[in-house]
1. For a footprinting-style exposure proxy, rank ASP168, ASP177, ASP98 by other Cβ within 10 Å, fewest first.
2. Most exposed first by the Cβ proxy, i.e. fewest other Cβ within 10 Å, how do SER133, SER70, SER164, SER51 rank?
3. Cross-link candidates for LYS56: which aspartates and glutamates have Cα within less than 19 Å, leaving aside residues fewer than 8 places away along the same chain?
4. Exposure proxy check: LYS56, LYS135 ranked by fewest other beta carbons within 10 Å?
5. How far is it, in nm, from the label point at THR38 to the one at THR108 when both lie 7 Å from their Cα along the line to the Cβ?
6. For segment 91-110 and segment 54-70, what is the centre-to-centre distance using only Cα atoms, to the nearest Å?
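What follows is calculated from the coordinates using simple rules that are stated; it is not laboratory data. Note that the structure is predicted; figures quoted are calculated from it, not measured. With ideal geometry, Cβ positions are generated from the backbone for all residues, glycine too; neighbour counts draw on all protein chains shown.
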Amino acid sequence: MKSASHIYPLFIALCAVLLCASCAGTRRTARQTRNAPTWHTMETQGVATLSPEQDKEYKANYRAQVVNDSLVVVSVMPVLGIELMRLEATPDDILLIDKLNHRYCRLTYKETAEFFGTKLTYNHLQGLATGQSAKEKDGSFHYDYTVRMGKRYHLVCLRLTYASVKKDTPLRISTIDLKRYTQVTPQALLTL
């Protein structure tokens, strides 16, 4: 089994790629939203696969809980269902939480666009979390993105497989007491 310190940089990259990848399905998400049935809450679970190099592949379970047009919570759980990273998004801002190192950063969508160099909205994240941005014929989402890891850039391939989708079910979203966490800049949070 890989140590947490060995796989930790890849899950930092996963959060960065999730933020950037959510912009890839913009046109399709807008079209699907018009025709999509109404739902209040949705929970999706699946496997996120990261390929930072051609010969390496890392997988982590994730769970996305969504309250329509209000809240998106994505939990990355690489080992035994233990939450390592969390992304919480509202229509106003995004909160990235590194539970392993007790750090977090809060970004507006404008700051996110400036930092990652791509436009991002709450609807993009909601579409990615619920599978409405799925691009592949099998219903999965595949995206390639160049991510800066330290001083080097890597092409990271992300594939989300939506194994379970539940609509209008009660959600159990635990709150995190940020008093125990240190607020850092996005650069510090994403630096290895």
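1. Working: ASP168 11, ASP177 6, ASP98 22.
Ascending number of Cβ neighbours within 10 Å: ASP177, ASP168, ASP98.
2. Numbers: SER133 25, SER70 13, SER164 9, SER51 18.
Least crowded to most crowded, the residues run SER164, SER70, SER51, SER133.
3. ASP144
4. On the way: LYS56 9, LYS135 13.
Taking fewest neighbouring Cβ atoms as first place, the list is LYS56, LYS135.
5. Modelled inter-label distance: 3.2 nm.
6. One Cα centre to the other: 16 Å.
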